[in-house]
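Report on the following structure.
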Amino acid sequence: MTQQPHATQSSAGTTSTPAPGLGPTPTEASWAAGGVVFAGVLMLMNGILAVLQGISLLADDDVWARVGDYVYKINHTGWGVILLCLGALAVVTGAFILRGAAWARMTGIFLASLSMLAQFLFLPYAPVWSVIMIGIDFFVIWALAVYRPDMRG
């Protein structure tokens, strides 16, 4: 009898397969395994860039454009502190994702979600940059959410 992919053998010797859609396919699992390393690197770099962006907002208000009437208006010092803190946490979390810490994956999903929200609110200040960062955060969330280290083949 040949063994099917994703088949499990019970103690009685019968083979059962999981219901369709309950686990990643081998292709998805390999994408996620490679994607989690890439997500860790992206989170590390995203954090470093957010720290630099936060420092530039704190150091000199002339670098960034002034936004007129905006519902979610925060001054540059406030944005600097927000991005500096999120960036520092993202750097630490990205480093631990690369080391394989399970808690870092959950923290990474949470921080990427916060980063996505912050970049949405930062759209009027740097629209192109914010859209790119939202896309990167989306990929980080996906890669960290679908990765299952015990299902690697």
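Any chance you could look up the accessible area of residue 110 with a 1.4 Å probe, heavy atoms only, rounded to 10 Å²?
Approximately 120 Å² of residue 110 is accessible to the 1.4 Å probe.
Taking θ = phi - 60°, what integer Hz values does the Karplus form 6.51 cos²θ - 1.76 cosθ + 1.60 yield along the range 87-93, in sequence order, with x for Gly and Pro?
Those phi angles translate into x, 5, 5, 5, 4, 5, 5 Hz.
Please report the accessible area of residue 103 (heavy atoms, 1.4 Å probe, ligands and nucleic acids excluded) in Å², nearest 10.
130
Leaving out ligands, DNA and RNA, and with a 1.4 Å probe, what % of the accessible surface on the range 40-132 is carbon or sulfur?
On the range 40-132, the fraction of accessible area on carbon and sulfur atoms equals 74 percent.
Just to confirm, what accessible area per residue do you get for the range 88-141 at 1.4 Å probe, in whole Å²?
Per-residue accessible area for the range 88-141 comes out at 51 Å².
Compare 116, 43 by solvent-accessible area with a 1.4 Å probe and give them largest first, with all protein chains kept in place.
In descending accessible area the options line up as 116, 43.
The values are calculated or read from the model by the stated rules, or taken from the named source; none is laboratory data. None of these values were measured; they are calculated from a predicted model. Protein only, heavy atoms only, side chains kept; ligands, DNA and RNA dropped before computing areas. Shrake-Rupley method; radii C 1.70, N 1.55, O 1.52, S 1.80 Å.
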